[in-house]
Amino acid sequence: LFQAEDGIRDVERSRGLGDVYKRQVCKLPDDMNLCTKKFEDFYKLEHVGRHLVWNAGVGECEVKSLFCAKPYTFILTVYQSSVLLLYNNADCYTFQQLIDQTKLPTEILKKQLLNLTNPKMGKLLIKANLKTPNFTPDETVQINKVFASTSLRVNMVPIVSKKKASDEHKKEFDEEIKELNKQRAAILQATIVKIMKGRRQERHNELITETIKLINAFKPDPVLIKQQIEWLIENEYLMRDEKDKGKYIYKPQ
């Protein structure tokens, strides 16, 4: 019924603790996994030693129809694509089955389905109960095999107002930055302790330099490293040399 294109735009990101977009669990269908596998193979050849994490919550996909009278190309979110490609295996699913297959949270799946079942968009999918925008677990959602549109490129991506999108993004961004800083702080603390455990004592500048050298996941800020050194001193992992305040001494736990 549907064919996934090789290109998945703006979805792939080299995370390395640098991606601040919120990620939801989403199980991609086999057709999409073939696309991601091609890019992963390419990425590993170009960037040795880096780890690639897919963020299905951002970006768009192009999916072609193989069952309509015309060769439509649908512009979809990754979540919507994950739903539609399931219909290559069956013509009808319950809402609960779609949750089980995609692993998406209920509210996120509902949001994606509302556009796909919207009469103004041509109803690519048909929900059993047309009178309510909600979905019950046993409500069926089936493919619309007589789908028709005046345009051969059909955009199904939900439209969000600029203000709402900005507010939601800022809140999400702030939360992710806070979590990101916690993760980076933990990495810095572990790295500093590892260095000091091996050397037993080290001067401030040398400890900063060695910490930066050992961390590949992100570029450490010397100010943040200094903050973590202070935290380790306060929590009695390190202490300052009484005769030389620029030297730190490891305190065995």
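The values are calculated or read from the model by the stated rules, or taken from the named source; none is laboratory data. All values reported here derive from a predicted model rather than from experimental measurement. Positions of Cβ are backbone-derived with ideal geometry, glycine not excepted, and every protein chain shown enters the neighbour counts. Keep in mind that these areas ignore ligands, DNA and RNA; they rest on the heavy atoms of the full protein, side chains included. Shrake-Rupley method; radii C 1.70, N 1.55, O 1.52, S 1.80 Å.
Modelling each spin label as a point 7 Å along the Cα-to-Cβ direction, I'd like the residue 247/residue 90 distance in nm, to one decimal.
7.1 nm
Of all accessible surface on the chain at a 1.4 Å probe, what whole percent is carbon and sulfur?
Carbon and sulfur together cover 51 percent of it.
Convert each backbone phi in the stretch 65-81 into a coupling constant with the Karplus relation 6.51 cos²θ - 1.76 cosθ + 1.60 (shift: θ = phi - 60°), then list the ³J(HN,Hα) values in order as whole Hz, x for Gly and Pro.
These are the phi-based 3J(HN,Hα) values: 8, 10, 10, 8, 5, 10, x, 6, 10, 9, 8, 9, 6, 5, 5, 4, 4 Hz.
Principal axis extents for the stretch 86-141, Cα atoms only, whole Å, descending order, please.
For the stretch 86-141, the Cα extents along the three principal axes come out at 27, 24, 17 Å.
If I build a Gaussian network model for the chain, linking alpha-carbon pairs within less than 10 angstrom, which residue out of 113, 130, 180 has the largest mean-square fluctuation?
130
Using 0.36 nm per residue of separation minus the Cα-Cα distance, give me the extension gain between residue 136 and residue 223 in nm, one decimal.
Full extension from residue 136 to residue 223 adds 26.1 nm.
At q = 0.11, 0.22, 0.24 Å⁻¹, work out log10 I(q)/I(0) for the stretch 70-163 with the Debye formula, treating every Cα as an identical point scatterer and leaving solvent out; two decimals please.
-0.29, -1.20, -1.43
When you have a sec, figure out the Kirkwood radius of the chain from all distinct Cα pair distances and drop it here in Å to one decimal?
Its Kirkwood hydrodynamic radius stands at 21.7 Å.
When Rg is the radius of gyration of the Cα atoms in the stretch 44-116 and Rh is its Kirkwood radius, what does Rg/Rh come to?
Dividing the radius of gyration by the Kirkwood radius yields 1.06.
Find the percent of Cα-Cα distances in the stretch 176-253 that exceed 13 Å, and round it to a whole number.
Of all Cα-Cα pairs in the stretch 176-253, 64 percent lie more than 13 Å apart.
Which pairs break 19 Å Cα to Cα here: 27/70; 182/251; 111/131; 38/219; 226/247?
Over 19 Å apart, Cα to Cα: 27/70; 182/251; 38/219.
Taking only protein heavy atoms into account and a 1.4 Å probe, give the accessible area per residue of the chain in Å².
60 Å²
Taking the Cα centre of the chain as the origin and placing charges on Cβ (Lys, Arg +1; Asp, Glu -1), which of 42, 81, 249 is farthest toward the positive end of the dipole?
249
Give the separation of the Cα centroids, the stretch 204-253 to the stretch 55-112, in Å.
49 Å
Per the Cauchy relation, a quarter of the hull surface: what is the mean projected area of the convex hull of the alpha carbons in the stretch 112-253, in nm²?
15.5 nm²
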